[in-house]
Amino acid sequence: MAVYEHLYSAFEGEKHSAWSRFLVIPRYALREVFKSKLLVTMFILCFIYPLVAAILVYLHHNANALSMLQLNVRELLPIDASFFRTFLEIQGAFSFILTVLIAPPLISRDLSNNALPLYLCRPLSRTEYVLGKMAVIVFLLSVVTWVPGLLIFFFQASQGGFDWLWANLWMIWAIFFGFTVWIILLSLLSLAVSAFVKWRVVASGALLGLFFIPSAFAQIVNGLFITHAGNLMSMWASMNSIWRGLFGLFDRQAATVRARGANRQMIELVMMEPPLWASWLVIALVCAVCVWLLTRKVRAYEVIG
Amino acid sequence: MAEMTNVIELEHLSVTFGKRPILKSLDGALKGRAIGLLGPNGAGKTTLIHTLLGFHPPTSGTARIFGQDIATEAKKVRASIGYMPERDAFIAKMSCVNFVRLMAELSGIPARHALERAHEALFYVGLGEARYRPVDSYSLGMKQLAKLAQAIVHGPKLIILDEPTNGLDPPTRSRMISLIRQIRDGGRARILLSSHLLRDVEECCDEILVLKDGYIAANCNLEEERKANRKFIELETRGGDRKAFAESIGALGCDYALSGERRLKVIMQETVEIKDLYRLAFEHEVQIRRLNFKRDSLEEIFLKAMENENPANGENISVGNGNGRADNGGL
């Protein structure tokens, strides 16, 4: 089919392997993502905290720098499980904002332009299509979450010595697994929203709503019934419990409050967090529902029976 | 590619949406270089195409494309197909060349070749000059051509075109038809063309499959039909000895029938040529004012198929069964 010949011809060369074909989708999608100045700016902003964390680690181990700055960072901020859990929380929040900007058009744009039949008439399954779209989010979020998290961990290990590394080796798993669960949740949820809402702005709004409305509702329930059970309605709270669990910081006894009892005497109530397994269950259920929604919605053509 | 290879084989293929049967136990083998898929709205044309592409699972039965089962070898089947959907379909905010290139890569063509193929495909369909523009900005005709480019970029063995001339102005339509015919005549790809426009099918296809209410109403080889029609000739004559002229034609071995005062119908023999008729007319001083080949047009075939009230009762119409292709009975 040479340009000058204007003839139709089949492709005679060797085709690339079938298993890796879905990776073509993120390659093209990432190119589009980095065309947006807003996204590039947000992507760069996501590295601010890792940079701050790296500086803190450096200062922690550099007496000269500490004395020059007249700081006592070692006492203020120990580099331990809490430090890395805070890292997860902050980067988790940044990655959520990044997802709100990246994910909504991923499937919705294909749906509104009827592009799905074009993908699915090729040797590409629906699962591979979703995996391809998911890979865009997974790649970008990985770059701003567990990758800098582990780099900071190893930076700290290089400064803290072998003993510190040996004592905290388990944190590698906690950082990687904690972020992975978060990334899977965000990507499935955002793709499910993207598959249901054709307009980008509405999809972004829906994604924000799915996080903030249940969280607000959870706070209301917690306030009204003097409980922490409402946290199960909030994906953010459930994720926080999971992260605390992974870093060995989860304590069911969250707080104590004083309240007036039946005989008008003040009593102390112990506020119990929902059990850790319940938080895992909530996240697993949300993921399962998202997968089900994607199975229903990602089709070449919708069939009305 | 051998001319007689079965392109599509249907084996009791049924598709049901909910409780509504759409395709009802279709049987048959399609072998043409370009197969026209005809039928009124709701006959099941698009469902058949979507089922062949694996978008809808068959409720029962199966189909094979180039001998590969659409259910068990779906990926292999789809690798050998190029599909141009009926509705507008593109990837937004992407230049046409990148869009076609992406489609090529998804079909398995390595990145380094995909760009080259995309350029070639776009030049081939006539979008060479507009290839760097986003597809969203294209006119309807250009979008149709872009869809054709993405369908052929990986050089498939079967190209499925769903209403390719929908909404096109006459020059663009004629360009589209000429491209389809060019691909057909090149012989490197077979074509399955679904269209409401009988003229498009007639111009491009050598075999047709007519669907009605989810059944096959007719399956005929237009090429054979055209050949067969060349044997029937109707003459309009003036003057001379018409009867003697007719008898002399009969003496050549042709059957004939006189009708009215001027008409003469002749069934030609293989050995007889048109110039023989003119020679005999000259000898009998008969003027041939008009000579018509009887033509069983596609419209007639289609209407015959539509008249058949219930093709499910084994009354499947098969017209011009030149190569034994009336084998989709038993419906």
Every pair of residues 6+ apart whose Cβ atoms lie under 6 Å, when the first sits in region B:33-44 and is in contact (Cβ under 8 Å) with a residue 40 or more places away in the chain while the second is open to solvent by 10 Å² or more (accessible area, probe 1.4 Å) and of a type in the set (Asp, Glu): B:Arg33/B:Asp206; B:Ala34/B:Asp206
B:Thr72 more than 9 Å from chain A (Cβ to nearest Cβ) and surrounded by 21 or more Cβ atoms within 10 Å (Cβ to Cβ): no
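Within region A:92-106, is there a residue that is facing chain B (nearest Cβ under 10 Å) and under 23 Å from A:Ala192 (Cα atoms)?
Scanning region A:92-106, I find at least one residue that is facing chain B (nearest Cβ under 10 Å) and under 23 Å from A:Ala192 (Cα atoms), so the answer is yes.
Can you pull out the residues in region B:83-103 that are more than 8 Å from chain A (Cβ to nearest Cβ) and either under 13 Å from B:Ala149 (Cβ atoms) or open to solvent by less than 10 Å² (accessible area, probe 1.4 Å) (or both)?
B:Met84, B:Ser95, B:Cys96, B:Val97, B:Phe99, B:Val100, B:Arg101
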Tally, over region A:256-305, of residues that are more than 14 Å from every other protein chain (Cβ to nearest Cβ), within 29 Å of A:Leu116 (Cα to Cα) and open to solvent by less than 30 Å² (accessible area, probe 1.4 Å): 4
If you take the residues in region B:105-117 that are in contact (Cβ under 8 Å) with a residue 12 or more places away in the chain and within 8 Å of chain A (Cβ to nearest Cβ), which one is surrounded by the fewest Cβ atoms within 10 Å (Cβ to Cβ)? B:Gly108
Would it be correct to say that B:Pro164 is surrounded by 22 or more Cβ atoms within 10 Å (Cβ to Cβ), in contact with a strand residue (DSSP E or B) (Cβ under 8 Å, 6 or more places away or on another chain) and more than 13 Å from chain A (Cβ to nearest Cβ)? yes
Does any residue of region B:282-291 turn out to be over 28 Å from B:Glu225 (Cβ atoms), assigned to a helix (DSSP H, G or I) and of a type outside the set (Phe, Trp, Tyr)? yes
Inside region B:145-161, can you point out the residues that are facing another protein chain (nearest Cβ under 9 Å) and surrounded by fewer than 21 Cβ atoms within 10 Å (Cβ to Cβ)? B:Lys157
For region A:9-42, enumerate the residues that are more than 14 Å from chain B (Cβ to nearest Cβ) and either open to solvent by 30 Å² or more (accessible area, probe 1.4 Å) or at pLDDT below 85 (or both). A:Lys37, A:Leu38, A:Val40, A:Thr41
Looking for whichever is surrounded by 22 or more Cβ atoms within 10 Å (Cβ to Cβ) and of a type outside the set (D, E, K, R) here; the options are B:Ala244, B:Ala189. Which one fits? B:Ala189
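The values are calculated or read from the model by the stated rules, or taken from the named source; none is laboratory data. All figures in this text were calculated on a predicted structure; none of them were measured in a lab. Positions of Cβ are generated from backbone atoms using ideal geometry, with glycine treated the same way; all protein chains shown enter the neighbour counts. When the accessible area is computed, the model is the full protein with side chains, heavy atoms only, and any ligands, DNA or RNA have been set aside. Shrake-Rupley method; radii C 1.70, N 1.55, O 1.52, S 1.80 Å.
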